Amino acid sequence: MKALDIIFGLALAIGGLLVPLSGDAYLMGLVFQLAMWIALAQSWSMLSSTTGYLSLGHAVFYGIGAYVCVLLTGVVPFGVALAAGAAASAVFAGLIGLPVLRVQGPYFVILTYGLAELVRNVVMRIESALGSFGRMIFMVPSFEVLVWCMVALGILATLGAAAVRHSALGAGLAAIRENEVAAETVGVPVARLKLLAFVASATIPGAVGGLALLRTGYFEPAQAFDPVISFTIVTMALVGGTETVRGPVLGALGFTLLSEALWSSLPQLYMIVLGLTLIAFILFVPRGLSGLADRALGRG
Amino acid sequence: MAFLDVRGVSKRFGGLMALNNVDMSVEKGEIFGLMGANGAGKTTLFSVIAGHVAPTTGEVHFNGRRITGLSPSRICRAGICRTFQIVRPFAGLSVEENVRVAAIYGSGRGRSRASRDTLVNEALESVGLTRQRAGLAGGLTLSGQKRLEIARALATGADLVMLDEVMAGLNPTEIGEMLETLAELRRSRGITFVIVEHVIGALMTLSDRILVLHHGERIAFGTPEEIGRNKHVEEVYFG
Ligand SMILES: Nc1ncnc2c1ncn2[C@@H]1O[C@H](COP(=O)(O)OP(=O)(O)OP(=O)(O)O)[C@@H](O)[C@H]1O
Ligand SMILES: [Mg+2]
């Protein structure tokens, strides 16, 4: 299974990196979306799958990245703007992390959602106070370059999630998920590790938000901080399965293809299908697509 | 100064004095018994020492250093680990993973991988969980989970281990084995133990010295023989 995972991941990565060479705009768009959701769902998993602190506000990191990027494009090279977006998300997570991570269970879910909405509204206010109703950006790099960057982020997030899981950090986070008091008792610095995971899971989404913005060439706060982004991330990660690094990849793959099919025929069904799939998986397939794959291949 | 020095510790829960001006000195390498009826404050005293509960007044010193106010994880890394009377396994992890986390993060931090493996294997072996190491901790029997508590505490590499009623629910044969295990750990690794136990026989056999608490107060202290002869203890404890 491990070898299969690596072959599958390599095939996806190489395929993704080769697609821009074809010049096929549709395929590139698909790869861009897929890599984006893999990067987001993997990042989310670094905090939420490992510790069980389910964030329903990851759109905030995506939005902050997009915002910083739109403010900086034209001023600095786009690579620097992306890095600044990622850094801003990381810093934001670092600042709010300690108090936010004191809250557990459903309260954490609601708090992260509420915070993301708060930031969205603050940015909307700032923008309208500045008299800006959406910003256009020019001098965007070619779409091929954006696709490469996004695939790179997807790969980076996947490797990052794998590294976290298989490290001492991952062992500590798993202990925190299982029993926080016992973890603290055997020496796990609980508050510090949770903060570390939170910052790690916020960073790449910042760059992802920046890239997504460069693709559309247009920034509008309601869109960049859209809570549907958070819902989609959670759904993909849960449907894919939280127990493996493979899970978010499968979840992103399944949903990107599904929504591709729906957008062309029945776009209004997207949210309904998202909700129904989530419910069905939570009730009947708690280990997600990843668990199904294990079973299909005769393991687990 | 003693290895572990508890000075004038009190703990108030609302109107209840769970601990009232308790002093306790534990020497390095000894097995120290803590006795007392239900609600005497034994678990609360462990929680104060391990950093889970802040004392209302008083201080705890360990190895010459004041540890009052440190977080439980810092205190663990300083070399003290406690078990929980009501077990707290990492239920969804394997038995081995439970113990490994303790070896990674406990006072043995910075060890090489090989010496961590040794710590894990020894901890599992000494409580007899080697055969169940791959199974989920949540699947162990209560007695298994009690032993896992001990294994986890040992794997932190702690110099001082506090065991809270780990023999409750064990049968006489298992208690006998446990007594041997603890005595052997003290001999081979020089671990200091503080033990709370309602199985009085076990406590008397194992302990070098015993402290008796009653309603949060120290009422007797001495060797097992002295405690056995103490009329006051007999009254409040058995009477
Ligand atoms: N967190 C708490 N809040 C309020 N009261 C508490 C708390 N923890 C313990 N107590 C009370 O403090 C007293 C001492 O409790 P403790 O658990 O330390 O006793 P114990 O000696 O361990 O008893 P047992 O033999 O039953 O385990 C009891 O009356 C208990 O109800
Ligand atoms: Mg108790």
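What follows draws every value from the coordinates through simple rules; no lab data is involved. The shown structure was predicted, so the numbers you read here are calculated from the model rather than taken from an experiment. In this analysis, Cβ positions are derived from the backbone assuming ideal geometry, glycine residues included, and neighbour counts consider all displayed protein chains.
Around the amide H of B:Leu19, modelled in the peptide plane, lie the amide H atoms of B:Lys11, all under 5 Å away and 5 or more residues distant in sequence or on another chain.
Here the sum of -39500 (n - 2.57) over DSSP H runs of 4 or more residues, divided by the residues of the protein assembly as shown, equals -19500 deg cm²/dmol at 222 nm, to the nearest 500. Compared with the direct C-alpha span, the chain from A:Leu71 to A:Tyr270 gains 68.5 nm at full extension, assuming 0.36 nm per residue.
Among beta bridges identified by DSSP and lying wholly in the protein assembly as shown, the antiparallel ones come to about 55 percent. I need the calculated FRET efficiency for the pair A:Ser132 and B:Thr56, taking r as the beta carbon distance and R₀ as 45 Å, to the nearest 0.05. For A:Ser132 and B:Thr56, the calculated efficiency is 0.20.
In this entry, chain A is assigned a mean projected area of 15.9 nm², taken as a quarter of its C-alpha convex hull surface. The phi torsions of region B:29-40, fed into the Karplus equation with coefficients 6.51, -1.76 and 1.60 and a -60° offset, translate into couplings of x, 8, 10, 10, x, 10, 10, x, 5, 4, x, 6 Hz, rounded to whole numbers, with Gly and Pro shown as x. The tail of the calculated P(r) for the protein assembly as shown, taken as Cα-Cα distances beyond 28 Å, holds 61 percent of the pairs.
For B:Asp208 and A:Ala163, the FRET efficiency from 1/(1 + (r/R0)^6), where r spans their Cβ atoms and R0 equals 45 Å, is about 0.40. In terms of Cα atoms, the Rg and Dmax of region B:90-239 work out to 17.0, 53 Å. Averaged over peptide A:170-178, the number of partner chain Cβ atoms lying within 10 Å of each residue's Cβ comes to 5.
In loop segments of region A:202-300 as defined by DSSP, the trypsin sites (Lys or Arg not before Pro) with at most 16 further C-beta atoms inside 10 Å of their C-beta are A:Arg299. Residues of region B:205-239 with an amide N closer than 17 Å to a point placed 7 Å from the Cα of B:Ala37 along the Cα-to-Cβ direction: B:212-220, B:230-239. Simple spin-label estimate for B:Glu180 and B:Glu125 gives 1.5 nm between the two label positions (7 Å along the Cα-to-Cβ direction from each Cα). Taking amide H positions as modeled 1.01 Å from N, with prolines and chain starts lacking one, the residues under 5 Å from B:Glu30 and 5 or more places away or on another chain are B:Phe193.
Of the beta bridges DSSP finds with both residues in chain B, what % are antiparallel, to the nearest 5? The antiparallel fraction comes to roughly 55 percent.
Ordered by the count of other Cβ atoms within 10 Å of each Cβ, fewest first, A:Tyr53, A:Tyr62 give A:Tyr53, A:Tyr62.
Reported to the nearest whole Å, the Cα centre-to-centre distance from region B:39-86 to region A:35-64 is 36. Our note on the geometry: Cα centres of region A:250-292 and region A:128-144, 31 Å apart. In order along region A:279-285, phi translates into HN-Hα couplings of 4, 4, 5, 5, 6, 10, 10 Hz, rounded to whole numbers, per the Karplus curve 6.51 cos²θ - 1.76 cosθ + 1.60 with θ = phi - 60° and x for Gly and Pro. Between B:Ala134 and B:Ser115, what is the spin-label point distance in nm, taking each point 7 Å from the Cα along the Cα→C-beta axis? Going from the B:Ala134 label point to the B:Ser115 one covers 3.0 nm.
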